[in-house]
Amino acid sequence: MKVVVEKHPLAIRWFHWLNFPILSLMLWSGLWIYWANDVYRLGWGSTTLLQFFPTSFYQAFHLDHKLAQGMAWHFVLMWAFLLNGLLYVLYTAISGEWRYLLPTRHSFQEAVQVTLHDLGLRKNGPPIRKFNGAQQLAYTAVILMGVGSVLTGLAMYQPVQLGWLTQLLGGYETARLLHFALTVGYVLFFIVHIAQVVRAGWNNFRAMVAGFELKDVDPATRNVLAGPTALPAGDTPSKQQ
Amino acid sequence: MTNETPPAPPAVNVAVPAPASEAAALQAATKRSRRSFIGLGLAGLAGLAGWRYLLHTPEADGLPVGLRNVLDFNAQLTQAYSKHTRLAPEFTKGHARRLRANGDVGLGNEFDPATWQLTVQGYAAPGAPARTQHVTLADVKALPRTEMTTEFKCIEGWSVVVTWAGVRLTDFLARYPLATASGQPILNPAAPPADVARYASFVTPDEAYYVGLEQETVLHPQTLLCYELNGQPLPLEHGAPLRLVTPLKYGIKHLKRIGTIAFTDTRPADYWAERGYDWYAGH
């Protein structure tokens, strides 16, 4: 029989969905700003693998000549990004949700196994837990990236008043490069995230909107027969008994 | 996000009460799910409407006033937590590089550097007679020379270390005490007298380019009236005979070819702030 199992608390779902438009608009206004000095590329010497960005890219999305507007949007939305991120971290810390999210010493090995499984190179699936090792690493890393974006952003915003921070991050120009690289990181995260959500299916996606998953449970023993992902954190299911 | 069925169902007990009826539970779940999706959709629409509202507030200097107010708030916040005497990092002269000439607004051709004079409009209380003084380049160069190698930061996102030389604005004001209403000199820029003008305005001779600085930046020890760049006399495209240099601000505030400096109580017009940029534009 099917039962309803709670997965994501309401607060986490709010933080998650609020972050989506905020980060999207931060990225978009960031492109308007970056256009004014678009010096980064992927390559070495005179070989360029990827130019950030070709003129056609700016033209296609009308990203050019919007520096002032971009800075204004960026410096308004930064408050939303900062507050949403701070509240999320505070909430996970106080509610105990951090137990599911922070990697353990087994997460790294597990992340490798999960990745191999997802690439079709390993038969055994991820462990039965709310977040597997790969997820723990990814969701923790993306928060650290957020911290990095705020710090590199501040280092560029106030390079004299926060000169110690700017120096710590390698100087004004390095802070800008790091800020850009982190944004590329969000885009890569987003691509993998969407692919995994599609793979994981409707039950998993609905949990991020409605908060619950449906489980197949043996009515006699109440053992989960299929798809449990909302179990307490731990390294292996057997330890959770 | 890999939450698929494992190969063999493990014997894990879920601590949930068995529902009285599976059908009833599923019906309740469907209802809850629908409510959540509608809620998310409505929240999204509300967010979109709010953002559109903000962007359609009346225009204030090239920006919706809603955004402009946040920029001004950010400036007030950074001003409040800033140490106004903090210095921009200085480098050895060997780090200096060529400076790109990036803007020519205010640098019209009808200009004769030989006959140029700096006009300074002293700070006068409302109703008091104007105090205007004309100063030649030789007068400026007779004042103590200050040299500094600092990072010039363009609002476009590039930066370059350059060596500037000129006169500290505070040194200039020590000789020409025009920033105070009473005409008293500013003995200690860190603790200025009460009657110092809150702002200074800088305008090119053709009045095409203009910037405003607040008192803290006017009195900052690294704010220069500059006549040398990288050891050479300032070239025309970089603002000869005299330009403003203030490494606590973006390049847009480093006005080239100063025609008039005016000390005032009201926030002066600023060329780029009128075109959607932050008036403060400080570091």
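Taking region B:244-271 as the range and being of a type in the set (F, W, Y) and either touching a Ser or Thr at 6+ places or on another chain (Cβ under 6 Å) or buried (at least 24 other Cβ atoms within 10 Å of the Cβ) (or both) as the test, only B:F263 passes. Of all residues in region A:39-51, those satisfying the criterion of being within 25 Å of the chain's Cα centre (by Cα) and within 16 Å of A:T174 (Cα to Cα) are A:Y40, A:R41, A:L42. All conditions but one from (1) touching a residue at least 60 places away in the same chain (Cβ under 8 Å); (2) over 20 Å from A:P21 (Cβ atoms); (3) touching a Phe, Trp or Tyr at 6+ places or on another chain (Cβ under 8 Å) apply to A:Q161; the one that does not is (1). The numbered conditions (1) surrounded by fewer than 19 Cβ atoms within 10 Å (Cβ to Cβ); (2) under 22 Å from A:T115 (Cβ atoms); (3) modelled with pLDDT under 90 are all true for A:P219 except (2). The residue that is nearest to B:G212 (Cα to Cα), counting only those in region B:232-283 that are free of Cβ contacts under 8 Å to residues at least 60 places away in the same chain and within 12 Å of the chain's Cα centre (by Cα), is B:K253. Of the residues making up region B:67-87, those that are assigned to a helix (DSSP H, G or I) and either more than 8 Å from chain A (Cβ to nearest Cβ) or in contact (Cβ under 8 Å) with a residue 60 or more places away in the chain (or both) are B:N69, B:L71, B:D72, B:F73, B:N74, B:A75, B:Q76, B:L77, B:T78, B:Q79, B:A80.
Quick check: anything in region B:68-77 surrounded by 14 or more Cβ atoms within 10 Å (Cβ to Cβ) and touching a Ser or Thr at 6+ places or on another chain (Cβ under 8 Å)? No; the residues of region B:68-77 include none that is surrounded by 14 or more Cβ atoms within 10 Å (Cβ to Cβ) and touching a Ser or Thr at 6+ places or on another chain (Cβ under 8 Å).
Residues checked against (1) touching a residue at least 12 places away in the same chain (Cβ under 8 Å); (2) within 25 Å of B:L178 (Cα to Cα); (3) surrounded by fewer than 18 Cβ atoms within 10 Å (Cβ to Cβ); (4) touching a Phe, Trp or Tyr at 6+ places or on another chain (Cβ under 7 Å):
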| residue | (1), (2), (3), (4) |
| --- | --- |
| B:P89 | yes, no, yes, no |
| B:G94 | no, no, yes, no |
| B:G108 | yes, no, yes, no |
| B:A114 | no, yes, yes, no |
| B:Y123 | yes, yes, no, yes |
| B:P129 | no, yes, yes, no |
| B:A138 | no, yes, yes, no |
| B:V162 | yes, no, no, yes |
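In region B:22-39, the residues that are closer than 16 Å to A:K2 by Cα form Cβ pairs under 7 Å with partners that are at pLDDT 95 or above and aliphatic (A, V, I, L, M), at six or more places apart or across chains, as follows: B:R32/A:A210; B:S33/A:A210. Summed over region B:121-171, residues that are of a type in the set (D, E), away from every other protein chain (no Cβ under 14 Å) and either assigned to a loop (DSSP other than H, G, I, E, B) or closer than 12 Å to B:Q222 by Cα (or both) total 2. Scanning region A:101-115 for residues that are more than 18 Å from the chain's Cα centre (by Cα) and away from chain B (no Cβ under 12 Å) yields A:T104, A:R105, A:H106, A:Q109, A:V112.
Within the bounds of region B:166-187, is there any residue that is under 21 Å from B:H95 (Cβ atoms) and either small (G, A, S) or at pLDDT 95 or above (or both)? For region B:166-187, residues under 21 Å from B:H95 (Cβ atoms) and either small (G, A, S) or at pLDDT 95 or above (or both): present. Counting only helices (runs of 4 or more DSSP H) that sit wholly inside region A:143-233, those with at least 2 residues that are among the β-branched types (V, I, T) and farther than 23 Å from B:K31 by Cα are A:172-200.
Taking region A:151-181 as the range and being buried (at least 21 other Cβ atoms within 10 Å of the Cβ) and away from every other protein chain (no Cβ under 11 Å) as the test, the residues that pass are A:T152, A:G153, A:L169. Evaluating A:G120 against the criteria (1) of a type in the set (G, A, S); (2) crowded, with 16+ Cβ neighbours inside 10 Å; (3) not in a helix (DSSP H, G or I) leaves one unmet condition, (2).
Can you tell me which residue within region A:1-13, out of those that are surrounded by fewer than 17 Cβ atoms within 10 Å (Cβ to Cβ) and part of a helix (DSSP H, G or I), is nearest to the other protein chains (Cβ to nearest Cβ)? Going through the qualifying residues, I end up with A:L10.
Across region B:40-60, the qualifying residues are those that are facing another protein chain (nearest Cβ under 10 Å) and surrounded by 13 or more Cβ atoms within 10 Å (Cβ to Cβ), and the one among them that is farthest from A:Q69 (Cα to Cα) is B:L40. I'd like to verify a number: residues in region B:219-268 that are assigned to a loop (DSSP other than H, G, I, E, B), out of contact with any His (no Cβ under 7 Å at 6 or more places or on another chain) and closer than 15 Å to B:D206 by Cα, how many? Residues that pass the stated criteria total 8. Selection over region B:168-195 of residues that are surrounded by 20 or more Cβ atoms within 10 Å (Cβ to Cβ), touching a Phe, Trp or Tyr at 6+ places or on another chain (Cβ under 8 Å) and not small (G, A, S) gives a count of 1.
Across region A:114-139, the number of residues qualifying as touching a Pro at 6+ places or on another chain (Cβ under 6 Å) and hydroxyl-bearing (S, T, Y) comes to 0. Scanning region A:59-100 for residues being in a helix (DSSP H, G or I), under 21 Å from the mean Cα position of the chain (by Cα) and more than 14 Å from chain B (Cβ to nearest Cβ) gives a total of 13.
The values are calculated or read from the model by the stated rules, or taken from the named source; none is laboratory data. Just so we're clear, the structure is a prediction, and the values are computed from it rather than from any experiment. As a convention, Cβ positions derive from the backbone with ideal geometry for all residues, glycine included, and neighbour counts pool all protein chains shown.
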